[in-house]
Amino acid sequence: MIFRLLGTLPRKLSRVVYRFPIAMKPQVVFVLGGPGAGKGTQCAKIVENYSYTHLSAGDLLRAERGREGSEFGQLIDNYIKEGKIVPVEITINLLRKAMEETMQQDSERFRFLIDGFPRNQDNLQGWCKVMEGKADVKFVLFFNCSNEVCIDRCLERGKSSGRTDDNRESLEKRIQTYLYSTRPVIEQYEKQGKVHTVDASRSVDEVFADVKSILDKEG
């Protein structure tokens, strides 16, 4: 079943083409860091204070999976059930669609925080292949935090979040995935001089003070 669905992916994607206004390309900031580093919290504060739209790759996939009439919902559901990574083309297509729809509603909203993407080299290569010339990645906002602090935060969050992956065993696996898959992506952007690193081990307000300084400097 999953292979039959995957075989139809290029045809389906070809029918869903999103084009941005020529006058302005989306301005993108990738937001990366380990689980519990505070990415979502800081993105919310950025949205409150700056003209950015926050997009979470994971949230978009889950929303598409549950959307009635979705062309990709069954495929996404099958991949998630089998513990496999959803094809990067689908993730990027959803990000691109979300950016286009946001800009159509308000042409002044062309700045985007993309949270939790790219997670690995496959994500990055897919983005470069599909989005080259269609969006400008301004920089990477990297929330750096020790593994133990991240684990402690997630365990505390797990007391009320209801998330099944907020337990020590799962968290240690997620951190290993982050170290081996996501950190190399961050290092690649560092070589291009496009990473702003923030010490995320401090309080929310202290971290945001640094974030604010970075965004004010970047304009």
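At 1.4 Å probe size, with no ligands or nucleic acids counted, give the accessible surface of residue 153 in Å², nearest ten.
The value for residue 153 is about 70 Å².
Among the trypsin sites (Lys or Arg not before Pro) within region 97-131, which fall in a DSSP loop and have no more than 15 other Cβ atoms within 10 Å of their own Cβ?
Counting only loop positions with at most 15 other Cβ atoms within 10 Å, the trypsin sites (Lys or Arg not before Pro) in region 97-131 are 109.
If you average the C-alpha positions of region 168-213 and of region 64-129 separately, how far apart do those two centres end up, in angstrom?
Here the answer is 21 Å between Cα centres.
Enter the accessible area of residue 71 (Å², nearest 10), with the probe set to 1.4 Å and all protein chains included.
60
Of 173/212; 39/159; 45/129; 97/217; 134/173; 39/191, which sit over 24 Å apart, Cα to Cα?
173/212; 45/129; 97/217; 134/173
The values are calculated or read from the model by the stated rules, or taken from the named source; none is laboratory data. Note that this is a predicted model, so its numbers are computed, not measured. All Cβ positions, glycine included, derive from the backbone under ideal geometry; neighbour counts span all protein chains shown. Each accessible area value is taken on the protein alone, full model and side chains, heavy atoms only, with ligands, DNA and RNA left out. Shrake-Rupley method; radii C 1.70, N 1.55, O 1.52, S 1.80 Å.
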